[in-house]
Structure formats: C-alpha cells, structure tokens
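The values are calculated or read from the model by the stated rules, or taken from the named source; none is laboratory data. Keep in mind that what you see is a predicted model, and the values were worked out from it rather than measured. Cβ placement follows ideal geometry from the backbone for every residue including glycine, while neighbour counts extend to all protein chains displayed. In case anyone asks, the SASA skips ligands and DNA or RNA and just uses the protein heavy atoms, side chains included. Shrake-Rupley method; radii C 1.70, N 1.55, O 1.52, S 1.80 Å.
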Amino acid sequence: MKRARTVVLFAAVPVVITAAAYLLAPTDSADTPGQPSVSASQRALEEAKSRAEEEQAADDKAIAALPAGLSAPAKKELAQQIVASAENSTLDWRSAYGYIEDIGDGQGYTAGIIGFCTGTHDLLTLVERYTKAHPDNGLARYLPALREVDGTDSHEGLDPGFTKAWKAEAEVAAFRKAQNEERDRVYFDPAVRLAKLDGLGTLGQFVYYDAMVFHGPGTNATSFYGLRERAIHEADPPSEGGSEKAYLDIFLDIREQAMRTRHGDIDTSRVDTAQRRFLYDGKLDLGTPLTWQVYGETFEVP
C-alpha cells in the first residue's frame, strides 16, 4: 500500500539562498551605504559554494572509505523487497512498475515502484525527466494536466486515460529504468548517504530509506529531515559517540509518532514488526534470514 510524500527540500539549500539573496537584492546605487557591492556579494556566493563543495568532497571521501552497506547490490535488492512488502504486499518489487491507483489518501494517483504521487510533485518530476530523454513517450501529453493537479488530489485532465497510459508505458524498458533512477536520486541515495554520515550500519541505512519513502524528503515535523532532526536532539547518533541501537530505537519512536500524527488509526507494523524486530534481534547488518510481518502478513527472505 502506498503512502503520501512531500516535496523535496534539502537542508543545504538555505546556505546558497542566503548568499544569493545579497546578490539578487534590488539596489538604488552601487554606493548605497549598508548594502554590499555586487563584487562583494559575488564573492560571498562563491565562497559559500566553495565551502559547500569542500564539505561535500570531504563527506564523499569519508563515505568512500566505509563498507558498501545498503548500497551493496544484494542489500539494495533486499531493501526493495522489504519496502515492497509494506507498499505493495509483495516481495516482487519489480511487479509494481505498472501499479497505479488512487488509495484515497489525498495525494491523487499513487503509482510505480516507490509510490510516486500526482499530488506530491515526485510523479510530475519523474514524467518531466523521462520526457526530456524520451519526448515521444505515452505520458508526455499528460504533462500539462500533471502540472495543474500537482499539490492536490484532483484527477482533472488525467481521467480516463492516464492510468491506462501509465500501465502501457511501464512495459517500456526505458520507463522502468527511469523509475529506478528517480527512486535512487530522490530517496535511496540521499537516505543511505546521510545514514552513513550519521555512523549507521546497514539496518540504520534501511531505516532512513524507508522513512524517506514513507514520509518524504521534506523538512517539516512529519517528513524525513524533520524526524532526523528530532532524533538527533534526543540521542547522539553513532557519529557523535552514541549507541546505534539506542539512536535507532528513538528514531523509530519518533517516526511512529509522526505516522499517527498524519493518520490517528494508521497501522504502524512496517515499523513495529519489521524494522524494530530487526533491531531487537540484533540484525544491525540486515543479515539474512529475515522474517517480519506487515499489515498482518508474514514475509521471509532466507
């Protein structure tokens, strides 16, 4: 079953925006007291960009020295299976490329391997990027309607043909590849990268990934970056000398609270009898065999 997501916002953005604000601010004169000159503003922007690039390069170097973790092919495959058990009640995640329905969660149509939604911008972005590479695809003609309904639960301009077009396009190898790439770009890669920087092992990387999928990579209190911020306020992650198990336990507590904030009667078994079970069983490396329950159904990977 698919869940709602929010528009992507990244914590690093304000650094660049702050510098850019000086550059773009209207001025009456280059000599106006109290306002930076264009050259000073440009220097500030360039320095902020340089610092960000240096920090990213340092992070990249640190990550490169770490074990592959969830990025290892077998572990990444396992991650998609566990997510699919919660999102589609199956371990065969590849069967979901053509999935599309409105599940009544206020996000319009939910579709594809990760639950891209017409109401939460990620489906629109997927189709826009796919159309740029493959202009003659069967979904391109729906782009004006997708832009109109973005942020709403409306089907206006999409019915009756969009669901049929989605299923047909899912038979095209290039569109399946596009779904994989967008999943990785928006959800998997950022989650795994940040988990590694927080000192988390393979299970922790999956915990971040599943939270990114379900809650969306936004910064509000019930989105992924908001959840992480709250967790770090309550417990030190391993990168700061904290206990990995204790930190993940608190992160999952906070995540459950956020799930119930969104929907008071929500089933939280994807946390309770899956991820928390792995944690309490000491499966920090997400080693198989694994057994878990989601929505009353038992899944097993030998």
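Looking across region 176-199, the residues that are hydrophobic (A, V, I, L, M, F, W, C), open to solvent by 10 Å² or more (accessible area, probe 1.4 Å) and either modelled with pLDDT under 95 or within 18 Å of Ser243 (Cα to Cα) (or both) come down to Leu194, Leu197. Filtered by the rule that a residue be within 17 Å of Gly106 (Cβ to Cβ), of a type outside the set (Asp, Glu) and not in a helix (DSSP H, G or I), region 125-159 gives Gly151, Thr152, Ser154, His155, Leu158. Taking residues in region 176-188 that are closer than 21 Å to His215 by Cβ, and partners anywhere that are open to solvent by 30 Å² or more (accessible area, probe 1.4 Å) and modelled with pLDDT under 95, the pairs with Cβ atoms closer than 9 Å and at least 6 places apart or on different chains are Val186/Val8.
List the residue pairs whose Cβ atoms are under 6 Å apart, where the first residue sits in region 132-145 and is on the phi < 0 side of the Ramachandran plot, the second is part of a helix (DSSP H, G or I) and hydrophobic (A, V, I, L, M, F, W, C), and the two are 6 or more positions apart or on different chains. Going by the 6 Å Cβ cut-off, the qualifying pairs are His134/Ala174; Gly138/Ala165; Gly138/Ala168; Leu139/Val127; Leu139/Ala165; Tyr142/Phe162.
Please work out which residue is farthest from Gly69 (Cα to Cα), limiting yourself to region 201-221 and to residues that are open to solvent by 10 Å² or more (accessible area, probe 1.4 Å) and among the β-branched types (Val, Ile, Thr). Spell out how you get there, then give the answer.
Keep residues of region 201-221 that are open to solvent by 10 Å² or more (accessible area, probe 1.4 Å), which gives 201-202, 219-221.
Now restrict to residues that are among the β-branched types (Val, Ile, Thr): 202, 219.
Values: Thr202: 5, Thr219: 25 Å.
Among those residues, the one meeting the criterion is Thr219.
Filtering region 284-302 to residues that are crowded, with 18+ Cβ neighbours inside 10 Å and at negative phi leaves Leu290, Trp292, Val294, Phe299. Within region 222-260, the residues that satisfy the criterion of being open to solvent by 40 Å² or more (accessible area, probe 1.4 Å) and of a type in the set (S, T, N, Q) are Ser239, Ser243, Gln257.
Summed over region 60-80, residues that are surrounded by 14 or more Cβ atoms within 10 Å (Cβ to Cβ), in contact with a Lys or Arg (Cβ under 8 Å, 6 or more places away or on another chain) and not small (Gly, Ala, Ser) total 2. Within region 228-250, the presence of at least one residue that is at pLDDT 95 or above and at positive phi is confirmed.
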